[in-house]
Amino acid sequence: MSLSNQKIGVIGGGRFGRAFISGLLKSQFSSKNIWASARSEANLSAIQKMGIRSAENFGDWISDTTLVLLSVKPAQIKGIIEKLNQMPLSEKTLIISVAAGTSISKIEKLLTKKCPVIRAMPNSPCTVQEGVTAICKGSNATKEHLELARVLFSTLGKCLEIDEVHFDSVTALSGSGPAYYYLLMEVMIEAGIKEGLTREQAVDLVAQTARGAATMVQNLNRSPTDLKKDVATPGGCTAEALKILEERNVPSIFAEAISKATAVAANLGKN
Ligand SMILES: NC(=O)c1ccc[n+]([C@@H]2O[C@H](COP(=O)([O-])OP(=O)(O)OC[C@H]3O[C@@H](n4cnc5c(N)ncnc54)[C@H](OP(=O)(O)O)[C@@H]3O)[C@@H](O)[C@H]2O)c1
């Protein structure tokens, strides 16, 4: 079940749908074997610019599609699957859903055919092939389907197999996670500008620092707690900055925010 043999349809050529397609195209997947659908003129024209087939209605192509990515908002999943049920969808077609909060069992129940289903939770850095995606498989999907999904999402960054029971936490950590870092970067950039740096200098310093810190955690096999100690010489400027953040409860505020995001993720697909 190799990636190059697939004929891929993307239902929902919005922000994530297009990030997914650009990852595929960058990995030399043939543009002839991808189609994508959207409704608005803006999204349809953005899809056309990628050199793939685009349509509002994809009924003509579905019978010749081996893998369908569902990349619509959770509230639209039910309507889309009801539409798919009316189409000549093969039972062999692999359905991959990236809809937050939408369980595999919900998708399997909505589908009138016993198609294999994979659930995935990617994040926005997939747009620059630096994303991370969690995947898990449904009752009709095999190890081979899971492996195909792993290969597919690896074109967009890292891909990890994680039990579905943890998907709301994954959504809160890595799905929403880029926004937490953007918030921190926003604050650091503005602080740098206030101290006299140009915006360009501050953005470069902050963005490269975020990348460097992430690479240290990934490549050195040391915990952030340990690495933080290395930077924070007692009495030095880093230690004083961390003292203020800890005294004002910034770590527990972050933990509370992540716990709230997990609870919201759990409710997203319950409609
Ligand atoms: N963006 C991310 O980084 C990210 C990360 C993790 C998971 N996700 C998941 O990915 C999914 C899509 O998110 P997004 O950010 O890409 O949203 P988005 O930009 O709003 O894209 C949704 C797309 O679905 C299309 N659509 C909606 N109803 C449709 C229908 N009936 N037929 C055909 N197309 C239809 C929309 O078309 P029009 O707008 O043209 O009407 C739009 O192109 C969500 O379930 C989200 O939870 C996204």
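Nothing in this text is a laboratory measurement; each read-out follows from the coordinates by a stated rule. This structure is a prediction, so every number in the text was calculated from the model and none was measured. Virtual Cβ from ideal backbone geometry, glycine too; neighbours counted across all protein chains shown.
Some observations on this one:
- Placing unit charges on each Cβ (+1 for Lys and Arg, -1 for Asp and Glu) gives segment 175-268 a dipole about its Cα centre, and among VAL217, ALA179, ILE193 the Cα reaching farthest toward its positive end belongs to VAL217.
- Debye-formula intensities of segment 3-168, expressed as log10 I(q)/I(0) at q = 0.14, 0.17 Å⁻¹, are -0.63, -0.99 (one equal scatterer per alpha-carbon, no solvent).
- Chain lengthening between ALA232 and THR198 when straightened (0.36 nm per residue, less Cα-Cα): 9.6 nm
- Rounded to the nearest 0.05, the FRET efficiency derived from the C-beta distance between GLU240 and MET216 at R0 = 25 Å is 0.70.
- Per-residue HN-Hα couplings for segment 247-261 [Karplus 6.51, -1.76, 1.60; θ = phi - 60°; Hz; x = Gly/Pro]: 4, 8, 6, 4, x, 6, 5, 4, 4, 5, 4, 5, 5, 5, 4
- For trypsin sites (Lys or Arg not before Pro), the sites in segment 203-271 that DSSP calls loop and that have at most 14 other Cβ atoms within 10 Å are ARG222, ARG248, LYS270.
- What the Kirkwood sum gives for segment 36-134 is a hydrodynamic radius of 14.4 Å, with every pair of different alpha carbons counted.
- Kirkwood Rh in Å, taken over all unlike Cα pairs in segment 1-81: 12.6 Å
- For the pair SER40 and LYS260, the difference between a 0.36 nm per residue extended length and the Cα-Cα distance amounts to 76.0 nm.
- Segment 191-271 - charge dipole about Cα centre, Lys and Arg +1 at Cβ, Asp and Glu -1, debye rounded to 20: 280 debye
- Distance between the modelled labels on ASP163 and LYS143, one decimal in nanometres: 1.9 nm (7 Å Cα→Cβ projection).
- Dividing the helix sum by the residues of the chain, where each DSSP H run of 4 or more adds -39500 (n - 2.57), gives a mean residue ellipticity at 222 nm of -15000 deg cm²/dmol.
- Seen from ILE80, the other residues with C-beta closer than 12 Å to its C-beta sum to a net charge of +3, counting Lys and Arg as +1 and Asp and Glu as -1.
- Taking the Cα centre of the chain as origin and assigning +1 to Lys and Arg Cβ atoms and -1 to Asp and Glu Cβ atoms, the resulting dipole is close to 800 debye.
- Within segment 27-168: Cβ-based charge dipole about Cα centre, in debye rounded to nearest 20 (Lys, Arg +1; Asp, Glu -1): 160 debye
- With the convex hull of the Cα atoms taken as the outline of segment 175-268, the averaged projected area works out to 7.6 nm².
- Rounded to the nearest 5, the antiparallel percentage of DSSP beta bridges internal to segment 3-168 is 15%.
- Estimated from the Cβ-Cβ distance and a Förster radius of 30 angstrom, the FRET efficiency linking SER31 and LYS83 is about 0.75.
- Most mobile listed residue (ASP204, ASP230, ASP168) in the chain, GNM with C-alpha springs under 10 Å: ASP230
- Projected-area average for segment 102-148 over all orientations - Cα convex hull basis, square nanometres: 3.7 nm²
- Sorted fewest first by neighbouring Cβ atoms within 10 angstrom, MET121, MET1, MET188 come out as MET1, MET188, MET121.
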